[in-house]
Structures are given as C-alpha cells and as structure tokens.
Amino acid sequence: MKQSIFTIINNAPLTRDVFRMTLLGDTSAITAAGQFVNVKLDGLYLRRPISVCDQSGDELTLIYKVVGKGTELMSGMRGGELDLLTGLGNGYDLSKSGDRPLLIGGGVGVPPLYLLAKRLIAEGKRVSVILGFNTKSEMFYENEFRDLGARVTVTTADGSYGVKGFVTAAMPENYTYVYTCGPQPMLKAVYDVSATSGQFSFEERMGCGFGACMGCSCKTLYGNKRICKDGPVLVKEEIIWQK
Amino acid sequence: MKQSIFTIINNAPLTRDVFRMTLLGDTSAITAAGQFVNVKLDGLYLRRPISVCDQSGDELTLIYKVVGKGTELMSGMRGGELDLLTGLGNGYDLSKSGDRPLLIGGGVGVPPLYLLAKRLIAEGKRVSVILGFNTKSEMFYENEFRDLGARVTVTTADGSYGVKGFVTAAMPENYTYVYTCGPQPMLKAVYDVSATSGQFSFEERMGCGFGACMGCSCKTLYGNKRICKDGPVLVKEEIIWQK
Amino acid sequence: MAEMSVNLCGIELCNPVIAASGTFGYGYEFAELYDINMLGTFSFKGTTKEPRFGNPTPRIAECTAGMINAVGLQNPGVDKVISEELPLLSKCFDKKVMANVSGFSIDDYVYTCERIDSCEQVGWIEVNVSCPNVHGGGMSFGTSPESAAEVTGAVRRVTKKPIIIKLSPNVTDIVSIAKACEDAGADGISLINTMLGMRIDLRARKPVIANKMGGFSGSAIFPVAVRMVYQVANAVSVPVVGMGGVTCAEDVVEMMLAGATAVEVGAANLVNPYACRDIINDLPRVMGKYKIESLKDIIGGCR
Amino acid sequence: MAEMSVNLCGIELCNPVIAASGTFGYGYEFAELYDINMLGTFSFKGTTKEPRFGNPTPRIAECTAGMINAVGLQNPGVDKVISEELPLLSKCFDKKVMANVSGFSIDDYVYTCERIDSCEQVGWIEVNVSCPNVHGGGMSFGTSPESAAEVTGAVRRVTKKPIIIKLSPNVTDIVSIAKACEDAGADGISLINTMLGMRIDLRARKPVIANKMGGFSGSAIFPVAVRMVYQVANAVSVPVVGMGGVTCAEDVVEMMLAGATAVEVGAANLVNPYACRDIINDLPRVMGKYKIESLKDIIGGCR
C-alpha cells in the first residue's frame, strides 16, 4: 500500500453514469489486476474504494459508476489532484488461469477485468470475456477488450445488444478457469454454473480499505476475511454465500 | 443585508499579517461606513465577520489581520469567488460629525475609518485621523488617509514611528466629534479622554452576524443590543464598560 | 406533484420544515429576507417568565461541522413577547407559530404557558426541558423521566394548546424520558436539543466560551439526532419533531424516515439565512429522486 | 526543545499519542507503513474471552466529519491474541502495548484480564465497559456507576497492571461513572468511546448498517469529547486518556489542556493511515506556536 497524490489528466463519461478517469502518479504499489485504490474526496470523511481498470507506467485508469456523493464529486472533476491509497486488496492470481481462462464481468464489475485480460493475454493465454449489462446504453469497453485480443461476448438483460439474458446465458463450451467481478447475484449465478474453479471479486462497504477497521469482514471456509485486505478476490472453494 | 457571490480580484499583504482583499460584486446592501461583511469559507462552519474598508461602485475592499483559521484561509486566496453576506451592522452615523470630526483607529480598527473619512471629506468636513499601531512594521494606510485629504497622525507604542505612545497621546486641541474603532482598551481610553460625544465600534465573537442568534449581545444604557445588528457602532452615551 | 403537507398535532403544515427556536428570533429579521409564510412554521426564541440577558460573552465557538452556543436564553420575558414581539410578527406571518418556553422551576413553566395559552397566534407550545432546575440541584429537568414528566403534567393543566416537549440528547435513556412525557400528557416530542460541548482557546488556555460549556449544534450532530428520533418515534405514539444538524432537503427526508412528522432546522439558519427557504424549494426535487409522492407516506418509513 | 514525554500510570510514553483500539488492529498492518515505535503506544483491537466474528455487514456508514461503525468486536479471542497476535507484534513493536478488553459478563472480563495479566508486552489494560451486559437486560456496563464499578472491581482483583476504564459518552452523568470507577480501583479513565448514531439509506429506506445503529466517531464528536474529558479530569485524581475526534496536533494540545495525560487517535487512522505519525511529527511545531516547552506542563492547563 502507498499513499500518494495523483494528477487527473482525463475524466469523461463512457455512458450516462459511468465515467473513466485517467491519472498520473506513483503506481508502484499496484502489483496485481483486481486491486483497488481508495480515494480521498473533499467534504467526505471516508475514502471511496474504486477498482483499478488499467495501469501502465505511471498512468492509472479508473472506471466508476455515479451511485452516491463520492462518485458524484469525482464525476465533476475536470483536472486537479487526488489523494489515493494505492495497491489495496489481493487482486487476481494469474497463475491459476490455465491456457483458456474465462473472464466474466457485470456492470461496474467489468473494469478490473481489463487489466487482468491484458496481463493474461501478455502471457499468451487465450482469453474469453463475457460482459453483462442491463441494456445497450449502459454498455462500455466491448471494443477495448477486443483490441486486447480477447474473444468478447456481450449480454444484455433486455436483449437490446448481443446475447439476450444474463452473463450465464453466454457461457462457452470449454474454458480452464473463471475470473469474475460483478453484483453478488451474478457472482452466485456464475458460481453455480461454472464448470471449473475460479476467482470471485466481492464488494463490501469499507471503512479504511487497508485491513485496520474490520468494517468489511466476511466468513469463508478458510476463516474470516477482510474484503479490503484478504480480498476482494476469493477463490471459489472458500466462498460461503450469505442468506 | 444581502447574500451574494463576490469575485476576488486582488489579495495581498500590507504588513506581515495584515492583508487587503479587493472584490467585485453586488455592494448595494452596503449603506454606511463601519458596516461589515460575513464571509463563508470552505471547511469552516461559521461565517467570519470582516469590516468594510472601502466600497465604490461594485468594488469592495476588506482589510483583515490573520489571527485564526478563517483569516488564514482568506490570506491564501489568489482569486476565485467568495460567498458574502453584505450590509451587516448599523455603521457610523455621519450626521453627528460636526465640521471637524476626529477619527481614531487602532490596529485592525483602522480599516472601517477609511470609508468613513472618505465620506466625511466628501461632505466637506475637516477630518483628523489618528492611527495607532504597536510598531512601525505593523503600520498601514497612513498615505491612503492622507491622499483622501485627512490630517493624519500616526502613533506607535514603541515610538518606532510617529508619536510614541497610544492614540490618546496624540489627541488634538479641538474637534467636534469622535469616531473610533479598535481594541477595547483603546476604546475605553478614548472614551475617557475625549472631550466630545462620539461613536465607538465594538468587536464580539458572532454566530450569525445578522441578529438571529443573540450570540454577540451586550448591555447598554439604552438596553440590550446585538453587536452584529444594533451595533457594531454604539454612541458614547449608551456604553457600559464590562469589568 | 410533490405533496409536502403534514399534520402536526391537529394543525396542518404546508411542509414539514420548521425553523428551530433560537435561530430564527421572533421571525421578523428573516421576514426581511424572504416571505416566511413559506415555512411549515417556526419556533420562536426561547421565552421565560422574566426577561433575561443570558450569559456573558463570548457565547459562540466554532467547531468542525458545527458550533457551540451559550446564549443562555436571552429574551424579553413572556409579557413583552406577547405585548411587543407577537404583534410585530403578525405583520409578516399569518400562520400559527410555535412558542418555545423555558423555565427554571415548575412555576416558571406554568406561568409562561398560562400566559401564552391566550395567544391566538400560537399553535403549539414547545417546552424546553433542558434548562437547569434551580430547585433540583441544577440538574436539567430533561435528564430524568420524573422531572420531565412533572413539567409536562404541570403545563398540561394550564393550556389546551398542543404541548410538544423538547428533549435534551445528553441522557442515557432518551426513550424512557420521552415515554414519561407522553404519559404525562405531551401531544408531541421534539428532539434533539443541543449536545453539551466545549472548546478551548489554545493561546489563552481558557474555554472559548465565557460559560465554559455550551450547546453543540450543526451538521456534526445529525447521526445522533437521527438515532434518537428513530428510538423515540418507535416508542411513543404521539408525533415526533426531528431536529439536530438538518442542513439540506435530504436530511429532512432522512429525519422523516426515522419517524419525524415535522423537522426543525436550526444552526443552518445562522450560516445561510436562506437555509429554510432553500431546503423547502429543494424538497420536490429530492422527493422525485427518491420516488416520494407525499411526505406523509414516509414518516417512520425506515424499517 | 519540545519535551513531549508524559507518564501514564507509572509508564513513560515518549509522546502522548496513542492509536485507539479498533483502528489499529494488532499493530503490524501499520508497521508496514511506518515504524510504530514512534507512537506513545497503541491500544490493540478489542479482545474478548471467546473469538467473535462480530456483526453482519454492512458495518460502516459515512457521516459529516465522521463515520459510524458496527463491527461488533470482531476478534480471535484472548487465547489466540496471546498465542498468535502478540508474538507477531513483538517483531515490530518493542514498547508496552495497551490491551483493550471487552466482555458481556463480569466473568468474561475477569477471564480475559487474568489471561492478559501474564503478558510481559502489555503495559496497561484498557477495559471497554460500553458493551451490553447480557445478564443486565443488555444495558451497557458503562451506563451506570454501579455496573461500571462492578467491572472495575472484578478486574482489579485479577491484575496488577494499570487498569484504564474506557467510558461511553452515551450517558447523563459521566462524572459519577468515572468517580465510581476510580473508587473501585481504576488507575485511569479513558474517554470518550463512540457515540451511538444512525444513518438511513434514502433509497432503500433502511438503516445504512445492518445492525441499525453503531458507534459514531470522527472529528464531529470532538467538542463532546473535550467537554467530557474536562469534566472527568476535574473530578477524578487518576490520569485521564482523552479521545474522540482527535485529528491533528492542535487537537492533542486541546485535549491535554482539558485534562488528558495522554491522547488516543482513532477514526483518523482509517482515513489517513499515517495520521498518528503525522500528528507526532507536527507536535513540536504546534508546541512552539503556543509556547509549550513540555507537554507535561499543560495537562489540565485550561482554567
């Protein structure tokens, strides 16, 4: 983990309420795809955790959906600086992927899969990606994933684009491993239908984001874990689904 | 009273810790010399009252000393906008001045006398001004008052400039009325030695600044008064000195 | 179309926003700024039997997201309020006003409420039980169910107007006190009054406020206020008026979801003299955002 | 030269800054960020007899200038703390640590303190009496002088280490509770624990946190903390550890002027993981600004 000041070089909408922010700063603490940063915002007490979409050199890309005060503030930023805690969370473990990993993202669960796909492809894996959205107007990053060289399938719940239905409606025949991120019902669905082992990235309301406050704990078969520090990525074998 | 947004066009130090800020905005609520504005500052809850030094057209001049968080924040401003409540307080009553009014200001009590001197001189009065400071390095506005056409005497407690001693060491022979603003001990001294009636501007820690909270009340021979609304200027005849 | 009206103890308010006592004077200062008839109503300056100057100055201290005041119930006394302030108010406010009453003995409360009972303009009497009981070792009436109930019962006997008891948050068990007031005849409960706080001047090494301690208010105390409103609203059957750090229309909605029938806005008026106007004007937007057709429907809606 | 050392219950601290329990884990997370030996000390995660997962999530809510948490004393239990956490801590912290202990019955407290009494690394036991007493109708031990004293007396009998009782601010009369603890053998009093608060999700119309209410902390509560520290420090003769919203070096000085011998920093650690380091590094500047040669000299200096 590292605390440092980043400079906003770009911040623009991808859809009506999903924004992409590009920043420059010390990214040295970011060690894995699937990690997140914790953003300090004026007038808000707690930092806001945002998953890392991409990082190369000192450039950092965040994609976030405007859901509350914090992301609302972020969406209004036209430059300036941001105080970030970087390198938070365990992130995805690439070594488990096998040669044909399947990446499944739903909504704002899509961004962290981008850096993951990039790195898996760099390792010569044949990456398939399923991107799930409610409707076509909310879709983003289909082409970006394709440009990486991934096989991309888009699903929309209302059928307005790509395969109609949820991400599970587009599961391919054979894949060696699953990496996924998205709303809990989607994770559960993927958990139920996926034929292989996999890594699942979870969301929880956090206090500190670096393991100090125990605000985001969850029970797993491997013991209690802090989503912010021991997660957000859990392996399929350890997951316990609440209620 | 009026709430409006002003634009900072200048903000620079006059001495080590006394700053002059010039703003543009709707000054229509400012009706008298000796009134003040109440400044909203980011991160502070209460507004900060600052006396009006000068106003002409839509230009407003404030002179303030850095004494706490609020004035510290103000001193750092290099432009931008400020949310002000303007036209607060009763201000000085010019009609009582007679033809040879004496204006006595001490330290940050000097600024409100500037607009007062300007208006009295515009009415053809022969204005004498005594400006008291601790030491030469803290002195400001001697020339500005002179340029208005006032007879100016400066006193410094340590004798490093002008007359050595307090403002009362420079009281002239004859004057028709006294207008004064400064620290309470100075006001009391002027009250004791002045031969005429006069108007005294008081300071008090304020809540709202416009008469709603009763935070800055004081007792006078004319009944309880709110420094922010019924003051800050009290006439000599009504003043009751606390302990 | 956003329906904002609520009913407080049998009197209809066009909206739930009430300017809180001690932050709105007797109304007419604010009437110079905007038409205060747009308010649900307001609770006038805490009024006592005798005229009071209040505490020595300084009476005000700045805090993070709030302020401390130790005004000490400065007011001209109930007789002058009736003979001078209310007539002035009638010129700019044609609604029922809430009379805020304080006292230092049961007799004080009774005298003041009896006098106010005769005022046509007054719709409700808000009884502030946070003042020290001079016959009770200086402990505030509001710190025990017994003494709070004693005040309630005493004023109940001298007025037919709805009585709303304003509770102090500086207690261990707010619910037992609220229930005791309800049982003693209160028509409503308003809370929270200010929290006892203190700041120190690091240079002078003395309390910032001459009175040492004072009432802490402002957005900082909102979470404590929401908690207590929720607890009390779930324990009593009379209407609850929520207050404490309310600063925006969202706060009004949150207070009502917690169980408030109406919401008082206090310290915010001192920072933004147009706070109540701005909140009322913004309420329809916020209601739309959260799919609220009528504010009546969301009172106690938090489950 | 700024002299920052203070003496807390017979143990010297190089400075008065103590990282508060529940915001600093068992220390080693922060040891990755900076050398935690620069701290006066820290109070480790609230520890109970049995392991606890704590409350369901969400456990955290945002507030103006603060936060609400309802973690619910998640901890591995005292036996694992002694066998696993303390050995890990010894690798990065060579000072005496403050052990924070919680319980739901007198026996819980006694068992946990007895076990911790044998730990060389532990300098003080900070006893959190804010937990509900399962045998006392769920009311917190800290809400009455009797039950607070009962806990104090019981742990007093099983340890020679200095006992510091950590008080809840959610009470009517903090002074009587502090005095009762002193009379029952407490070597120190620390306060304030979090204030009971609540936030509501306007969209879901449900409390933000699963447990409905939780502990409100952060700079918002500082004025209440200063007030209670001042009241208690002027009523007891044992040292007082001040906490509640401390965010900067100025706050540390204000707490000490109010009567605190040492000062705990809590929620600030969660927003700025370097908060304690930054405060300690800034203390000499602030001491200079206010002409303080030794922090010992200003304890209770507010008159």
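The values are calculated or read from the model by the stated rules, or taken from the named source; none is laboratory data. Owing to the predicted nature of the structure, the values given are computational and were not obtained by experimental measurement. All Cβ positions, even for glycine, are placed from backbone atoms using ideal geometry, and neighbour counts span all protein chains on display.
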Select from the stretch D:291-303 the residues that are within 12 Å of chain C (Cβ to nearest Cβ) and surrounded by fewer than 14 Cβ atoms within 10 Å (Cβ to Cβ) and write down the one among them that is nearest to C:Arg199 (Cα to Cα).
D:Arg303
Please specify each residue of the stretch C:47-74 satisfying the condition of being on the phi < 0 side of the Ramachandran plot, more than 7 Å from every other protein chain (Cβ to nearest Cβ) and not hydrophobic (A, V, I, L, M, F, W, C).
C:Thr47, C:Thr48, C:Lys49, C:Glu50, C:Pro51, C:Arg52, C:Asn55, C:Pro56
Within the stretch C:272-290, considering residues that are more than 12 Å from chain D (Cβ to nearest Cβ) and of a type in the set (Val, Ile, Thr), the one surrounded by the most Cβ atoms within 10 Å (Cβ to Cβ)
C:Ile279
I'd like the residue in the stretch B:191-205 that is at pLDDT 95 or above and closer than 30 Å to C:Gly66 by Cα and, out of all such residues, is farthest from the other protein chains (Cβ to nearest Cβ).
B:Ser201
Read through the list (1) free of Cβ contacts under 8 Å to residues at least 40 places away in the same chain; (2) over 28 Å from D:Val175 (Cα atoms); (3) over 15 Å from the mean Cα position of the chain (by Cα); (4) within 11 Å of chain D (Cβ to nearest Cβ), then give the number of the only condition that C:Val253 fails.
(1)
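Within the stretch B:141-165, restricting attention to residues that are part of a loop (DSSP other than H, G, I, E, B) and buried (at least 21 other Cβ atoms within 10 Å of the Cβ), which residue is nearest to the chain's Cα centre (by Cα)? It would help to see each step written out before you state the result.
Within the stretch B:141-165, the subset part of a loop (DSSP other than H, G, I, E, B) is B:141, B:149-150, B:157-162, B:165.
With buried (at least 21 other Cβ atoms within 10 Å of the Cβ) added as a condition, the list becomes B:141, B:150.
Details: B:Tyr141: 13, B:Ala150: 17 Å.
Residue satisfying both the conditions and the ranking: B:Tyr141.
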Being within 10 Å of another protein chain (Cβ to nearest Cβ) and either more than 12 Å from D:Val229 (Cβ to Cβ) or among the acidic types (Asp, Glu) (or both) is the filter here; which residues of the stretch D:159-197 pass it?
D:Ser168, D:Asn170, D:Val171, D:Thr172, D:Asp173, D:Ile177, D:Met195, D:Leu196, D:Gly197
Scanning the stretch C:16-44 for residues that are within 10 Å of chain B (Cβ to nearest Cβ) and modelled with pLDDT of 95 or more gives C:Ala19, C:Gly22, C:Thr23, C:Phe24
Can we say C:Lys161 is touching an Asp or Glu at 6+ places or on another chain (Cβ under 9 Å) and at pLDDT 95 or above?
yes
Some residue of the stretch A:223-237 being more than 19 Å from A:Ala32 (Cα to Cα), part of a loop (DSSP other than H, G, I, E, B) and touching a Ser or Thr at 6+ places or on another chain (Cβ under 8 Å)
no
Of everything in the stretch B:90-132, what is out of contact with any Leu (no Cβ under 7 Å at 6 or more places or on another chain), over 16 Å from B:Phe202 (Cα atoms) and not in a strand (DSSP E or B)? Give them in sequence order.
B:Ser95, B:Lys96, B:Gly98, B:Asp99, B:Arg100, B:Tyr114, B:Leu115, B:Ala122, B:Gly124, B:Lys125, B:Arg126
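Take C:Met243 and tell me if it is touching a Leu at 6+ places or on another chain (Cβ under 6 Å), under 24 Å from D:Met228 (Cβ atoms) and either more than 9 Å from chain D (Cβ to nearest Cβ) or in contact (Cβ under 8 Å) with a residue 40 or more places away in the chain (or both).
Values: touching a Leu at 6+ places or on another chain (Cβ under 6 Å): no; under 24 Å from D:Met228 (Cβ atoms): yes; either more than 9 Å from chain D (Cβ to nearest Cβ) or in contact (Cβ under 8 Å) with a residue 40 or more places away in the chain (or both): yes.
No.
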Since D:Cys276 meets every condition but one in (1) at positive phi; (2) touching a helix residue (DSSP H, G or I) at 6+ places or on another chain (Cβ under 9 Å), which condition does it not meet?
(1)
Quick one: is A:Asp83 modelled with pLDDT of 95 or more and in the same structural domain as A:Thr22 (by TED's automatic domain parsing)?
yes
Going by what's in this entry, would A:Lys225 be described as at negative phi, surrounded by fewer than 16 Cβ atoms within 10 Å (Cβ to Cβ) and either under 17 Å from the mean Cα position of the chain (by Cα) or among the basic types (Lys, Arg) (or both)?
no
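Looking only at helices (runs of 4 or more DSSP H) that lie completely in the stretch D:18-130, which have at least 2 residues being surrounded by fewer than 18 Cβ atoms within 10 Å (Cβ to Cβ) and touching a residue at least 60 places away in the same chain (Cβ under 8 Å)? Break it down stepwise before answering.
Numbers: elements: D:28-31, D:86-90, D:106-117.
Helices (runs of 4 or more DSSP H) meeting the threshold: D:28-31.
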